[in-house]
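The values are calculated or read from the model by the stated rules, or taken from the named source; none is laboratory data. Just so it is clear, the model here is predicted, and its values are computed rather than measured. Don't worry about glycine lacking a Cβ; one is built from the backbone with ideal geometry, like all the others, and counts go over all protein chains shown. The accessibility values were calculated without ligands, DNA or RNA, using every heavy atom of the protein model including side chains. Shrake-Rupley method; radii C 1.70, N 1.55, O 1.52, S 1.80 Å.
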Amino acid sequence: MSFLGGGCYQHHVPAICDEINGRSEFLTAYAGEPYEDHGRFQALWEYCSMMGELLHLDVVGIPTYDGLQAAATACCMAARYTGRQRVLLAGNLSPDKRSHIRTYGRSTIVFDSFAFDAVTGSIDQSALAAQLGPDVAAVCIDNPNYFGAIEDGPALARLVHASGALLVVGVDPGSLGVLTAPGDYGADIVCGDIQTLGMHMNYGGGHGGFIATRDEPALVMQYPSRLFGIAPTEVPGQYGFGDVAYQRTSFDKRENGNEFVGTAAALWGITAGVYLASMGPQGMAELGEGILQRVAYAREQIAAIPGVRLAHPGSAHFKEFVVDFNATGRSVVTINALLREHAIFGGHDLSGLFPQLGQAGLYAFTELHSQADIDTLVQTLARVTRQ
């Protein structure tokens, strides 16, 4: 039984996802052009269309390598679009994401971080306001953030836009059946990982990143990777699928392209498209509602364990939350080792990543966790924290 999260999650994978992505016309279709590979292009166009509907944005690119790469590219897009060289990263982003963004963009972008509120786990808006200025290209946040707390998207968008910067929002697409779509509260570039949309956990994968924007030509031209569109053919009622603004890419411009791009996680994009088509709007709403219910129940039960506290008790959470073990006198390392003796993987150890939280663990809950699973976790935590 696993309660690990932090970027890769155990979700139900419909059998149809494995069936379709295992078909030879998709599984072995590494490369191809519109005139010879209609099925793959149409499948990816359908995926992009459904993602756009979910995010309430107009333009979605084909999948990047993973969600970390999507965030890094989104920051580079914002810098090119605004002509500014400074990007502010939220302090409550995933440490892995912050590291990847900095590594990828450091040759052209100056990165700074701003604080989060240790009490709520959410962004400290006053700390953000103090760092905003005419040199800031973008502010990069996650919503829900790394701790699972839901940020005040509209307030952050107003604050960021007042300085002329873009708001880059990382989002879990599985949350959008119940949470406001980023496109509705002013996000300019939205990115994230599609692992939650029909992909198994495979030693940390599989992953694919997405990037989405409004249909503004100057912004769309900052996409480095391919964009697929639909067009009528000379045969009435028949359509073809092909590249949009191909001249943006390094395939066309080589060293003068926006960024170098190569192999993308196209197969996972097709898989995510199958998942979204099979779930539909009602299915995505039920998924989100079920996760919210599990998180609410788990928070209530864990908070009742003597010596165990919720790190951010006043915030609303989706899928994940931080458990505070400081009062137990035990380290997260010890607690996780004891949980493994009972065949349970506990939460991520945050003590080294976020020292201001002390001995704290990040626990995740999905639709695969039953009430009995959560009760087993709570009972086991109660035993191992008092030994």
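Taking the residues in the stretch 295-345 that are basic (Lys, Arg) and outside any loop (DSSP other than H, G, I, E, B) as candidates, determine which candidate is farthest from ILE123 (Cα to Cα). The extreme case among them is ARG340.
Flag set for ASP188, criterion: charged (D, E, K, R), surrounded by 24 or more Cβ atoms within 10 Å (Cβ to Cβ), farther than 26 Å from PHE3 by Cα and out of contact with any Asp or Glu (no Cβ under 6 Å at 6 or more places or on another chain).
Considering only the stretch 358-377, state which residues are open to solvent by 20 Å² or more (accessible area, probe 1.4 Å), part of a helix (DSSP H, G or I) and in contact (Cβ under 8 Å) with a residue 12 or more places away in the chain. Residues satisfying the conditions are GLN371, ASP373, ASP375, THR376.
Exactly one residue out of VAL332, VAL295, VAL274 is of a type outside the set (D, E, K, R), surrounded by 19 or more Cβ atoms within 10 Å (Cβ to Cβ), in contact with a strand residue (DSSP E or B) (Cβ under 6 Å, 6 or more places away or on another chain) and closer than 20 Å to LEU197 by Cβ: that is VAL295.
Residue-wise test of (1) closer than 17 Å to ALA74 by Cβ; (2) at pLDDT 90 or above; (3) out of contact with any Phe, Trp or Tyr (no Cβ under 9 Å at 6 or more places or on another chain); (4) part of a loop (DSSP other than H, G, I, E, B).
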{"residue": "ARG226", "(1), (2), (3), (4)": "yes, no, no, yes"}
{"residue": "ILE230", "(1), (2), (3), (4)": "no, yes, no, no"}
{"residue": "GLU234", "(1), (2), (3), (4)": "no, yes, yes, yes"}
{"residue": "GLY237", "(1), (2), (3), (4)": "no, yes, yes, yes"}
{"residue": "GLN247", "(1), (2), (3), (4)": "no, no, yes, no"}
{"residue": "LYS253", "(1), (2), (3), (4)": "no, no, yes, no"}
{"residue": "ILE270", "(1), (2), (3), (4)": "no, yes, no, no"}
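Please work out if TYR47 is in contact (Cβ under 8 Å) with a residue 40 or more places away in the chain, closer than 30 Å to TYR363 by Cβ and touching a strand residue (DSSP E or B) at 6+ places or on another chain (Cβ under 9 Å). Spelling it out, it is not the case that TYR47 is in contact (Cβ under 8 Å) with a residue 40 or more places away in the chain, closer than 30 Å to TYR363 by Cβ and touching a strand residue (DSSP E or B) at 6+ places or on another chain (Cβ under 9 Å).
Within the stretch 137-155, track down each residue that is open to solvent by 10 Å² or more (accessible area, probe 1.4 Å), in contact (Cβ under 8 Å) with a residue 40 or more places away in the chain and among the hydrophobic types (A, V, I, L, M, F, W, C).
Of all residues in the stretch 137-155, those open to solvent by 10 Å² or more (accessible area, probe 1.4 Å) come to 142-144, 146, 150-152, 154-155.
From what's left, in contact (Cβ under 8 Å) with a residue 40 or more places away in the chain: 142, 144, 146, 150.
Correct list: ILE150 only.
Number of residues in the stretch 121-170 that are more than 19 Å from the chain's Cα centre (by Cα) and of a type in the set (Ser, Thr, Tyr) equals 2.
Scanning the stretch 329-387 for residues being among the small types (Gly, Ala, Ser) and within 28 Å of GLY174 (Cα to Cα) gives a total of 9. Filtered by the rule that a residue be under 25 Å from GLY198 (Cβ atoms), touching a strand residue (DSSP E or B) at 6+ places or on another chain (Cβ under 7 Å) and among the hydrophobic types (A, V, I, L, M, F, W, C), the stretch 355-381 gives LEU362, ALA364.
The helices (runs of 4 or more DSSP H) found wholly in the stretch 1-120 and carrying at least 3 residues that are buried (at least 19 other Cβ atoms within 10 Å of the Cβ) and under 20 Å from the mean Cα position of the chain (by Cα) occupy 38-55, 67-82, 95-105.
Table: residues versus (1) touching a residue at least 40 places away in the same chain (Cβ under 8 Å); (2) among the acidic types (Asp, Glu).
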{"site": "MET201", "(1), (2)": "yes, no"}
{"site": "GLY206", "(1), (2)": "yes, no"}
{"site": "PHE210", "(1), (2)": "yes, no"}
{"site": "LEU227", "(1), (2)": "yes, no"}
{"site": "ASP243", "(1), (2)": "yes, yes"}
{"site": "GLY257", "(1), (2)": "no, no"}
{"site": "PHE260", "(1), (2)": "no, no"}
{"site": "ALA265", "(1), (2)": "yes, no"}
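Can you tell me which residue within the stretch 300-316, out of those that are closer than 15 Å to THR380 by Cα and in contact with a Leu (Cβ under 8 Å, 6 or more places away or on another chain), is most open to solvent (accessible area, probe 1.4 Å)? Checked the stretch 300-316; the qualifying residue most open to solvent (accessible area, probe 1.4 Å) is ALA303.
Against the numbered list (1) within 18 Å of the chain's Cα centre (by Cα); (2) open to solvent by 60 Å² or more (accessible area, probe 1.4 Å); (3) within 19 Å of ILE101 (Cβ to Cβ), PHE260 comes up short only at (1). Candidates GLY280, GLY273: the one that is in contact (Cβ under 8 Å) with a residue 24 or more places away in the chain and under 26 Å from GLU53 (Cα atoms) is GLY273. Look at the stretch 95-123: where a residue is within 17 Å of VAL168 (Cα to Cα) and a partner is open to solvent by 80 Å² or more (accessible area, probe 1.4 Å) and of a type in the set (Lys, Arg), sitting 6+ places away or on another chain with Cβ atoms under 7 Å, you get PHE111/ARG102. For GLY352, the requirement of being at positive phi, surrounded by fewer than 20 Cβ atoms within 10 Å (Cβ to Cβ) and not aliphatic (A, V, I, L, M) is not met.
Conditions tested, residue by residue: (1) under 19 Å from ALA231 (Cα atoms); (2) polar (S, T, N, Q); (3) at pLDDT below 95.
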position: SER24; (1), (2), (3): no, yes, yes
position: ALA29; (1), (2), (3): no, no, yes
position: GLY32; (1), (2), (3): yes, no, yes
position: GLY39; (1), (2), (3): yes, no, yes
position: MET51; (1), (2), (3): no, no, no
